[in-house]
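A short worksheet on the structure shown next.
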Amino acid sequence: MVKDSKVSGFYKLSREERVKKLKEVTGLGDEDLGPLIDPGKVDMEVLDHMIENVVGAMTLPLGIATNFKVNGQDYLIPMAIEEPSVVAAASNAARMARDLGGFTATDTGPRMIAQIQTVEVPTPFAAKDKILEVKEELLELANEQDPILIKFGGGARDIRVRIIDTSVGVMLICELIVDCRDAMGANAVNTMAEALAPRIEKITGGRVILRILSNLAEFRLVRVRATFDQKLLGGEEVVNDIIAAWAFAEADPYRCATHNKGIMNGIDAVVVATGNDFRAIEAGAHSYAAVDGYSSLTKYEKDPEGNLVGSIEIPMAVGLVGGATKVHPVARACVKILGVKTALELAHIIASVGLAQNLAALRALASEGIQKGHMALHARNVAATAGARGEQVDIIAEKLVKEKNVKVERAKELLEELGK
Ligand code: MEV
């Protein structure tokens, strides 16, 4: 946990200076951050046991987004992503919301759904009644499977039954709703579903095929809102055009796919950094967006002062215990940097980054377009690669862009001239 996430000029520092600053602000040392700062320090033994046929590791750049305040708490946010501009854009959007309260996040609790697919049920409607009649007994059986989850306050909470018509006939889908607390919960709910299956067969007279969680985690939603300063955004016209850009996404699936992709740029980067399952998050996000016809995961409106109010509602099935989050040393370091204590706190932060990312993309698209920002950032990287430091980075980057010659060789020449 950090006192202040507004680390001004962070982007202007060299990587070594940034690491120093990060240690200073978080109070963390090499024992926590070692493998994050130097991927060569990652114990290959750990990776070897994570998946099969391991031969090496794929390293991604890990950046820190600044300026975030979520529910009154400041956070420095680790983001692992190959795409330039994402970290800068998130930090910039967070800056525009910061003085107007930052991000406010709530949630529906960490409940996952496990599905038990039952076919060849002679009387599906009567079978549905019978399952619901013995609901308490079934919940008890489910909870016997995971005493640890129960100990930490989680467990199976409810059962719902849906009868669906498919191309191969009617199916009875029994769904178990499980509070997963700080676990992502896939293992817990799959185990429960498998344990319940023989009872479901007996009750329904049918045959169970699949027993698996649903990634459409509609009972594990996070809602975040933030007000973005009109002046910092660039004025009234920019605010209006951002709203028009969002309305375009709401009305058109071709645009909406890209709009939601921009949200996931931020979300996936934090999900990956913390060792969570980004495919589950992607599946949850897009299926939730498609429930009533594919649409935007965010909404935008204007408040009476003319500021832009953005909000997001998204399933967020992330965990803090178990999986890569617990074993991967870089993921562990990222959780330490965040200083989060619960999976819901992490979920609030991730959804806030999604909203910030979307706002930043819409602001750029609705004003100067995204290429200018991309080019400016690229020029800064090129200047730094050529050896520029501190103030020099901005001076050289500006010249490179002006000359439309963003090359390391030219940056070196300019650096030499600057030295003279
Ligand atoms: C690029 O990775 C993401 C954007 O295309 C998102 C958007 O169009 O809203 C810029």
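Of everything in region 37-90, what is assigned to a helix (DSSP H, G or I) and either within 16 Å of the ligand (Cβ to nearest atom) or charged (D, E, K, R) (or both)? Give them in sequence order. Walk me through it before giving the result.
The first filter runs over region 37-90 and keeps only residues assigned to a helix (DSSP H, G or I), leaving 37, 39-41, 44-48, 86-90.
Answer for region 37-90, where residues must be assigned to a helix (DSSP H, G or I) and either within 16 Å of the ligand (Cβ to nearest atom) or charged (D, E, K, R) (or both): Lys41, Glu45, Asp48, Val86, Val87, Ala88, Ala89, Ala90.
Could you list, in sequence order, all residues of region 308-335 that are of a type in the set (Lys, Arg) and under 17 Å from the mean Cα position of the chain (by Cα)?
Answer for region 308-335, where residues must be of a type in the set (Lys, Arg) and under 17 Å from the mean Cα position of the chain (by Cα): just Arg332.
Can you go through Gly205, Gly185, Gly234 and tell me which one is at positive phi, buried (at least 24 other Cβ atoms within 10 Å of the Cβ) and of a type outside the set (S, T, N, Q)? Lay out the reasoning, then the answer.
Values: Gly205 fails: buried (at least 24 other Cβ atoms within 10 Å of the Cβ); Gly234 fails: buried (at least 24 other Cβ atoms within 10 Å of the Cβ).
Result of the check over Gly205, Gly185, Gly234: Gly185.
Scan region 10-23 residue by residue and report those that are surrounded by fewer than 13 Cβ atoms within 10 Å (Cβ to Cβ) and under 26 Å from the mean Cα position of the chain (by Cα).
Result: Arg15, single match.
Taking region 272-298 as the region of interest, how many residues are more than 16 Å from the ligand (Cβ to nearest atom) and either of a type in the set (A, V, I, L, M, F, W, C) or assigned to a loop (DSSP other than H, G, I, E, B) (or both)? Talk me through it step by step, then tell me what you get.
First, pick out the residues of region 272-298 that are more than 16 Å from the ligand (Cβ to nearest atom): 273-277, 279-281, 283-284, 287-288, 290-293.
Now drop any that are not either of a type in the set (A, V, I, L, M, F, W, C) or assigned to a loop (DSSP other than H, G, I, E, B) (or both), which leaves 273-277, 280-281, 283, 290-293.
Result for region 272-298: 12.
Within region 217-237, can one find any residue that is within 16 Å of the ligand (Cβ to nearest atom), of a type outside the set (A, V, I, L, M, F, W, C) and assigned by TED's automatic domain parsing to the domain that holds Gly322? Walk me through it before giving the result.
From region 217-237, those within 16 Å of the ligand (Cβ to nearest atom) are 228, 233; that's our starting set.
If we keep only those that are of a type outside the set (A, V, I, L, M, F, W, C) as well, we get none.
No, region 217-237 contains no residue that is within 16 Å of the ligand (Cβ to nearest atom), of a type outside the set (A, V, I, L, M, F, W, C) and assigned by TED's automatic domain parsing to the domain that holds Gly322.
Every residue in region 253-262 that is within 12 Å of the ligand (Cβ to nearest atom), surrounded by fewer than 17 Cβ atoms within 10 Å (Cβ to Cβ) and either in contact (Cβ under 8 Å) with a residue 24 or more places away in the chain or not basic (Lys, Arg) (or both), please. Steps first, answer last, please.
From region 253-262, those within 12 Å of the ligand (Cβ to nearest atom) are 254-262; that's our starting set.
Then drop every residue that is not surrounded by fewer than 17 Cβ atoms within 10 Å (Cβ to Cβ), which leaves 254-255, 257-258, 261.
Within region 253-262, Tyr254, Ala257, Thr258 meet the criteria.
Residue-by-condition table, conditions (1) touching a strand residue (DSSP E or B) at 6+ places or on another chain (Cβ under 6 Å); (2) modelled with pLDDT under 95; (3) away from the ligand (no atom under 16 Å from the Cβ):
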| site | (1), (2), (3) |
| --- | --- |
| Leu320 | no, no, yes |
| Pro329 | no, no, yes |
| His348 | yes, no, yes |
| Ala356 | no, no, no |
| Ala397 | no, yes, yes |
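Please give the helices (runs of 4 or more DSSP H) falling wholly within region 103-216 in which 3 or more residues are within 29 Å of Asn276 (Cβ to Cβ) and in contact with an Asp or Glu (Cβ under 9 Å, 6 or more places away or on another chain).
Because the criterion is at least 3 residues that are within 29 Å of Asn276 (Cβ to Cβ) and in contact with an Asp or Glu (Cβ under 9 Å, 6 or more places away or on another chain), the helices (runs of 4 or more DSSP H) in region 103-216 that meet it are 186-204.
Which residue is surrounded by the fewest Cβ atoms within 10 Å (Cβ to Cβ), if the candidates are limited to region 364-383 and must be free of Cβ contacts under 8 Å to residues at least 24 places away in the same chain and under 14 Å from Ile242 (Cβ atoms)? Before you say what the answer is, go through the steps one by one.
If we filter region 364-383 for residues that are free of Cβ contacts under 8 Å to residues at least 24 places away in the same chain, which is where we start, we get 368-369, 371-372.
Narrowing the set further to residues that are under 14 Å from Ile242 (Cβ atoms) leaves 368-369.
Details: Glu368: 12, Gly369: 10.
The residue in question is Gly369.
For Lys20, all conditions in the list (1) at pLDDT 95 or above; (2) within 30 Å of Leu365 (Cβ to Cβ) hold save one; what is the number of the exception?
If we test Lys20 against (1) at pLDDT 95 or above; (2) within 30 Å of Leu365 (Cβ to Cβ), just (2) comes out false.
The values are calculated or read from the model by the stated rules, or taken from the named source; none is laboratory data. None of the values given here were measured: they were computed from a predicted structure. Cβ coordinates were reconstructed from backbone atoms using ideal geometry, including for glycine residues, and neighbour counts include every protein chain displayed.
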